[in-house]
Amino acid sequence: ISVTYQARDNYRSPYRIARYINRMFPEFEFEPRNGIIGLDVQEYSVANARAQLHAVDRAVKGLLRQGLAPAEIVILTCGGVGESVFRGVEAVGGCPLRQFTGSYNRDGERMYSAGELRFTSVARFQGQQSPAVILVDMKLSDGDDLDQRRRTAFIGMTRASLRLEVVWNCEPTSTAGR
């Protein structure tokens, strides 16, 4: 037997981020209950992997100028880490990335690279939050898994406790093989 509990109150997301999420995903109805106003949401639209790297580089530098430390910023991919353009990237915005190395220690815990600026997937970051979240690999065009991609994006957006930056992937769908 499976039981689902859905809370209608959102205490995590500051008001401006919650309002943005409500506009983007009206199907996930909730009431903003966090007393913090938060910072505005910044959006970027990119047409390819290189543009996405450049947009995130600008976003990180902007957040650092606003006084956030690299450890207060997380880059979350809405897809798998292995499929992201950030896989294997060593630094963004002049900050070394902290990401899963693919190895485990003797206790079976994941091992991470030494950077402070964290890069991981929304799935691995569930239950956590960060003052600033940069959501990448965002593609919400039609497809068989659109509902799941919308849920993943929603979850990723709710991880931000002060500032949210969203990098929309507007790459045209491949027509190869047609």
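The values are calculated or read from the model by the stated rules, or taken from the named source; none is laboratory data. The structure presented is a predicted model; accordingly, all values stated were derived computationally and were not measured. For neighbour counting, all protein chains shown are included, and Cβ atoms are generated from backbone atoms with ideal geometry for every residue, glycine included. Note: areas computed on protein heavy atoms with side chains; ligands, DNA, RNA excluded. Shrake-Rupley method; radii C 1.70, N 1.55, O 1.52, S 1.80 Å.
The set of residues from the stretch 123-141 being open to solvent by 10 Å² or more (accessible area, probe 1.4 Å) and not polar (S, T, N, Q) comprises Ala123, Arg124, Gly127, Pro131, Asp137, Lys139, Leu140. Please verify whether the stretch 124-137 includes one or more residues that are without any contact (Cβ under 8 Å) to a residue 12 or more places away in the chain and not in a loop (DSSP other than H, G, I, E, B). The answer is no, given that none of the residues of the stretch 124-137 is without any contact (Cβ under 8 Å) to a residue 12 or more places away in the chain and not in a loop (DSSP other than H, G, I, E, B).
Checking each residue in the stretch 1-30 for being of a type outside the set (Ser, Thr, Tyr) and touching a Lys or Arg at 6+ places or on another chain (Cβ under 7 Å) picks out Asp9, Asn10, Phe25, Glu29, Phe30.
Given the options Leu63, Leu117, Leu97, name the one that is in contact with a helix residue (DSSP H, G or I) (Cβ under 7 Å, 6 or more places away or on another chain) and crowded, with 19+ Cβ neighbours inside 10 Å.
When all the criteria are applied, what remains is Leu117.
Yes or no, residue by residue, for (1) touching a residue at least 60 places away in the same chain (Cβ under 8 Å); (2) within 22 Å of Ser141 (Cβ to Cβ); (3) buried (at least 19 other Cβ atoms within 10 Å of the Cβ); (4) more than 17 Å from the chain's Cα centre (by Cα):
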{"position": "Ala47", "(1), (2), (3), (4)": "yes, yes, no, yes"}
{"position": "Ala55", "(1), (2), (3), (4)": "yes, yes, yes, no"}
{"position": "Tyr104", "(1), (2), (3), (4)": "no, no, no, yes"}
{"position": "Met111", "(1), (2), (3), (4)": "no, no, no, yes"}
{"position": "Ser121", "(1), (2), (3), (4)": "no, yes, yes, no"}
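May I ask you to list the residues in the stretch 138-160 that are part of a loop (DSSP other than H, G, I, E, B), at pLDDT 85 or above and hydroxyl-bearing (Ser, Thr, Tyr)?
Restricting attention to the stretch 138-160, the residues satisfying the condition of being part of a loop (DSSP other than H, G, I, E, B) are 139-145, 158-159.
With the extra rule that they be at pLDDT 85 or above, the set shrinks to 158-159.
Of everything in the stretch 138-160, just one residue is part of a loop (DSSP other than H, G, I, E, B), at pLDDT 85 or above and hydroxyl-bearing (Ser, Thr, Tyr), namely Thr158.
Cβ-Cβ distances below 6 Å connect the following pairs, each with a first residue in the stretch 17-30 that is closer than 13 Å to Leu135 by Cβ and open to solvent by less than 50 Å² (accessible area, probe 1.4 Å), a second residue that is assigned to a loop (DSSP other than H, G, I, E, B) and among the small types (Gly, Ala, Ser), and a separation of six or more residues or different chains: Ile17/Gly38. Among the residues of the stretch 75-99, those identified as touching a Lys or Arg at 6+ places or on another chain (Cβ under 8 Å), assigned to a strand (DSSP E or B) and in contact (Cβ under 8 Å) with a residue 24 or more places away in the chain are Ile75, Leu76. Annotation: Arg163 fulfils all but one of (1) assigned to a loop (DSSP other than H, G, I, E, B); (2) closer than 26 Å to Pro14 by Cα; the unmet one is (1).
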